[in-house]
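The structure appears right after this line, and notes come after that.
Every read-out reported here was derived from the displayed coordinates using simple, explicitly stated rules and does not represent laboratory data. Keep in mind the model is a prediction, meaning the values are calculated, not measured. All Cβ positions, glycine included, derive from the backbone under ideal geometry; neighbour counts span all protein chains shown.
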Amino acid sequence: MIGQNIWDISSLFDKKPPKTKHPIFCPICNGRFFFKHAFLFRRSENQYRVDIAVKCSNCALVFQFGVHLSKEQYEKLKKIWNGDRLDYNITGHKIIENDKKT
Ligand SMILES: [Zn+2]
């Protein structure tokens, strides 16, 4: 699944921001990213995605990742979120964390 090599999406199932498997930093100012939103969509038959948008806490650059999902992940998230969108006002305004805490 493209994108799941970088993103650990398991916390999305608890309505919490996703984590990255490695730390990510803003390419403009080296700042950290806040979670902005995640948006589910079906690209076409059997192609399921979650767009993960993040915003730099320093320079406000917005990045979006189009992470591939299985049909099961897509349907489960849609049910848990009660829709196709998870926003920062639900999860809290959190910095994107990575799995390997240092
Ligand atoms: Zn920045």
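So what is the 222 nm mean residue ellipticity for the chain from helices alone, if each DSSP H run of at least 4 adds -39500 (n - 2.57) and you divide by all residues, rounding to the nearest 500 deg cm²/dmol?
Working: 2 runs with 15 residues, N = 102.
That comes out to -4000 deg cm²/dmol.
List the extent of the Cα atoms of the chain along each of their three principal axes, largest first, rounded to whole Å.
Result for the chain: principal-axis Cα extents of 39, 26, 25 Å.
Measure off 7 Å from each Cα along the Cα-to-Cβ vector at residue 45 and residue 59, then give the distance between these two points in nanometres to one decimal.
4.4 nm
Write down the percent of antiparallel bridges among all DSSP beta bridges whose residues are both part of the chain, to the nearest 5.
Working: 24 of 25 bridges.
Within the chain, antiparallel bridges account for around 95 percent of the total.
If the reach is capped at under 25 angstrom between alpha carbons, list the lysines near residue 94, excluding any in the same chain fewer than eight residues apart.
Filter leaves 15, 16, 19, 21, 36, 55, 76, 78, 79.
Per 0.36 nm of contour for each residue apart, how much would the distance between residue 2 and residue 30 grow if the chain were fully extended, relative to their Cα-Cα spacing?
On the way: separation 28, 0.36 × 28 = 10.08 nm, distance 2.44 nm.
Gain in length upon complete extension: 7.6 nm.
In what order do 28, 96 fall by count of nearby beta-carbon atoms within 10 Å, going from fewest to most? Present the calculation step by step, with values, prior to reporting the outcome.
Values: 28 11, 96 20.
Ranking 28, 96 by Cβ neighbours within 10 Å, fewest first, gives 28, 96.
Which of 72, 97 has the fewest other C-beta atoms within 10 Å, and how do the rest follow up to the most?
Numbers: 72 9, 97 17.
Least crowded to most crowded, the residues run 72, 97.
Under unit Cβ charges (Lys, Arg +1; Asp, Glu -1), what dipole magnitude, rounded to 20 debye, does the chain have relative to its Cα centre? Please report the intermediate quantities before stating the final value.
Details: 18 positive and 10 negative charges, 25 e Å.
It works out to roughly 120 debye.
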